[in-house]
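Okay, structure first, notes after.
The values are calculated or read from the model by the stated rules, or taken from the named source; none is laboratory data. Because the structure is predicted, anything quoted here is derived from the model rather than measured. Ideal geometry is used to build each Cβ from the backbone, glycine not excepted, and the neighbour counts take in all protein chains shown. These accessible areas exclude ligands, DNA and RNA; they are computed on the full protein's heavy atoms, side chains included. Shrake-Rupley method; radii C 1.70, N 1.55, O 1.52, S 1.80 Å.
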Amino acid sequence: MRWKKTLYFFNKGFLLYFLILLSAISILWSFEPSTTLKNSFSLINSSLFGLYFASRYTLKQQLHLLAWNFGIIIILSFVFAIALPKYGIQSDLTGGAKWRGVFTHKNGLGARMVTSSMVFFILAYQTKKRSWLLWGGFSLSILLLLLSASGSSLLNLLITILAFFAFQIWRWPYQFMIPTLIMIATISQSLYFWVSNNPDLVFSSIGKDATLTGRTELWPLVIDMIWKHPWLGYGYGGFWQGWNGESAYIWLVAGWTPNHPHNGYLALCLDLGLLGLGVFFLGFWRNYLQGFAWVRSSKTAYDVWPLIHMTFIALSSLTESNLLESNSLTWMLYVAVSLSVRMKLPIQV
């Protein structure tokens, strides 16, 4: 019904589609072709949904639909945790109970609640009518995030909220914007050096150890395997096949059985090599710059959403592996915001 608009959006994502195509043709060198075929088919469908979402709805409409979506997730997560604790609460090795709601792991709930918090926050910040309901959704999202005990997700939320206000500065006149951005960059650099010199203090404050729950011990093993097939990787989804695949080396050396590297960039390297990672970074950088141009030419909080989601992806991919994951809401929304910011001008509604 809207084929012209869909084609217009379709023509705006060359690098995005090249990455998806690379995932599909990686069946030619995949170490597990059947898994690559299944995962790449799901990735194509997920990406098509992102294309539909961007071409069918404005950013404001997208955020309102996401708010309904996350509202349902929040209600059901409380129901699962309270009425069905066997499914809604996860017990860890230390005997602690962490909420996972309708997700299979507490980190899944934590990551989704970061996105949920920012969706409700942006809508409440911009909307005056029934804003109490939106602030309620924001508060419940944070509550579930705290109950999930996902320290990295909590840190990502704090950074994205700060980023939201930092992106607003981009709309200021140049004589105020540039000095302010320089000051923020200076403070950020100082904080980076302080964190680098006090990692134990920082990690303990968010309930993590210096190894990020074993992640830093896992990553060198993953990098060793990446360098065995550096350019094209092992095929999309072709590496983590348990004891029957190349992941057996990591399971044997690490002493535990991870199913992903707990880092989106390393996961992409394993799947599609340095070529896939380079294509992603090039497309991500272009989309990020386009997001800044979009914010500069607009006035509403809705138009900051693409930059917020891309910032969340960059942060969450440091500790999670859902960067290029099929059937992933994170990837669907990345496709949607990447295409949304490529319209000629923001639509003021």
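Key figures for this structure:
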| item | result |
| --- | --- |
| Spin-label model distance (nm) - I161 vs N327, 7 Å beyond Cα toward Cβ | 3.3 nm |
| Computed lengthening from A97 to N197, 0.36 nm per intervening residue step minus Cα-Cα distance | 32.8 nm |
| Helix runs (DSSP H) in the chain reaching 18 Å along axis by Cα, Kyte-Doolittle at least 0.5 | 59-83, 106-126, 131-148, 151-169, 174-197, 264-296 |
| Gaussian network model of the chain, Cα within-10 Å springs - most flexible of M113, M177, M310 | M177 |
| Neighbour-limited loop hits for trypsin sites (Lys or Arg not before Pro), the stretch 213-295 (at most 13 other Cβ within 10 Å; DSSP other than H, G, I, E, B) | K228 |
| Spatially close lysines, pair count over the chain: Cα under 18 Å, gap of eight or more or interchain | 16 |
| Binned Cα-Cα distance frequencies in the stretch 237-349 - 10 Å width, integer % | 13, 38, 26, 14, 6, 2 |
| About the Cα centre, charge dipole magnitude for the chain (Lys/Arg +1, Asp/Glu -1 at Cβ), debye | 1680 debye |
| Per residue, in Å², the accessible surface of the chain once ligands and nucleic acids are set aside, probe 1.4 Å | 50 Å² |
| Distance from the stretch 9-33 to the stretch 297-314 (C-alpha centre basis), Å | 26 Å |
| Coarse-grained scattering of the stretch 5-64 at q = 0.26, 0.31 Å⁻¹, given as base-10 log I(q)/I(0) from a Debye sum over alpha-carbon atoms | -1.03, -1.21 |
| Cα centroid separation, the stretch 145-198 to the stretch 97-122 (Å) | 21 Å |
| Local electrostatic count at A254 - Lys and Arg +1, Asp and Glu -1, tallied over other residues with Cβ under 14 Å | -2 |
| Rg in Å to one decimal, and Dmax rounded to a whole Å, for the stretch 58-132 via C-alpha atoms | 14.5, 46 |
| From the C-alpha gyration tensor of the stretch 1-142, square roots of 5λ in Å | 32, 26, 11 |
| Separation in nanometres of the label points that stand 7 Å from Cα toward Cβ, at A24 and Q175 | 5.4 nm |
